[in-house]
1. Give the residue that is surrounded by the fewest Cβ atoms within 10 Å (Cβ to Cβ), with candidates limited to residues of region 81-108 that are of a type in the set (Val, Ile, Thr) and more than 17 Å from Met52 (Cα to Cα).
2. So Ile49 fits all but one of (1) in a strand (DSSP E or B); (2) open to solvent by 70 Å² or more (accessible area, probe 1.4 Å); what number is the exception?
3. State all residues of region 11-46 that are within 16 Å of Arg123 (Cβ to Cβ) and either at pLDDT 95 or above or open to solvent by less than 50 Å² (accessible area, probe 1.4 Å) (or both); if no residue qualifies, say none.
4. Going by what's in this entry, would Arg61 be described as open to solvent by 20 Å² or more (accessible area, probe 1.4 Å), among the basic types (Lys, Arg), touching a Ser or Thr at 6+ places or on another chain (Cβ under 6 Å) and farther than 19 Å from Ile122 by Cα?
5. Please go through region 47-58 and pick out each residue that is of a type outside the set (Ser, Thr, Tyr) and under 22 Å from Arg123 (Cβ atoms).
6. Quick check on my filter: what residues within region 64-80 are open to solvent by 60 Å² or more (accessible area, probe 1.4 Å) and farther than 23 Å from Lys10 by Cβ?
Amino acid sequence: MNAFIGDITKNITCISPGKTCESVDLLFNEDPSLQGVVVIENRRPTGLITKMKFYQKMGTRYGYNLYMRRPIELLANNKPLIVDYYTSVIEVSKLAMNRAAEELYDYIIVTQNDIFFGVVSIRSL
């Protein structure tokens, strides 16, 4: 049996590219279990910001002052792994493991007909 990645997808918080880093900080503080946020424009995923990378940037010498009132798209990964709902779990596993080391544990974004459907964590995979 060939399992599709869409079968193990979960929904997470999405934001528009113009949202400020301050609003993303609020999201992460309101939901400590949230590990990332997908940037969506016209129902299509355009980026991903993980909690770890967000706070790494905020924790730099001038990060907080530099980014807090600026759009999240400045910090988001604008080339996240995006796969179709009907891609096999095995194929997605291969694609995920071939990512750069710093992106290895990032969410995998799943679309259906190019529209955002949800995400899959490496743990779920």
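1. Initial filter on region 81-108 (of a type in the set (Val, Ile, Thr)): 82-83, 87, 89-90, 92, 108.
After this cut, where a residue has to be more than 17 Å from Met52 (Cα to Cα) as well, the list is 82-83, 87, 89-90, 92.
Working: Ile82: 18, Val83: 21, Thr87: 16, Val89: 17, Ile90: 12, Val92: 21.
Result: Ile90.
2. (2)
3. Scanning region 11-46 gives Ile12, Leu34, Gly36.
4. no
5. Of all residues in region 47-58, those of a type outside the set (Ser, Thr, Tyr) come to 47-49, 51-54, 56-58.
Gly47, Leu48, Ile49, Lys51, Met52, Lys53, Phe54, Gln56, listed by residue number.
6. Tyr64, Asn65, Leu66, Arg69, Arg70, Glu73, Leu74 - these are the residues of region 64-80 that are open to solvent by 60 Å² or more (accessible area, probe 1.4 Å) and farther than 23 Å from Lys10 by Cβ.
Quick grid of which residues meet (1) at pLDDT 90 or above; (2) under 24 Å from Glu22 (Cα atoms):
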{"site": "Arg69", "(1), (2)": "yes, yes"}
{"site": "Val83", "(1), (2)": "yes, no"}
{"site": "Tyr107", "(1), (2)": "yes, yes"}
{"site": "Arg123", "(1), (2)": "no, no"}
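Table: residues versus (1) of a type outside the set (A, V, I, L, M); (2) free of Cβ contacts under 8 Å to residues at least 40 places away in the same chain; (3) outside any strand (DSSP E or B).
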| residue | (1), (2), (3) |
| --- | --- |
| Gly18 | yes, no, yes |
| Glu22 | yes, no, yes |
| Val39 | no, yes, no |
| Arg61 | yes, yes, yes |
| Leu66 | no, yes, yes |
| Val83 | no, no, no |
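The values are calculated or read from the model by the stated rules, or taken from the named source; none is laboratory data. Since we're looking at a predicted model, the values are computed, not measured. Note that we place each Cβ from the backbone using ideal geometry, even for glycine, and neighbour counts take in every protein chain shown. Each accessible area value is taken on the protein alone, full model and side chains, heavy atoms only, with ligands, DNA and RNA left out. Shrake-Rupley method; radii C 1.70, N 1.55, O 1.52, S 1.80 Å.
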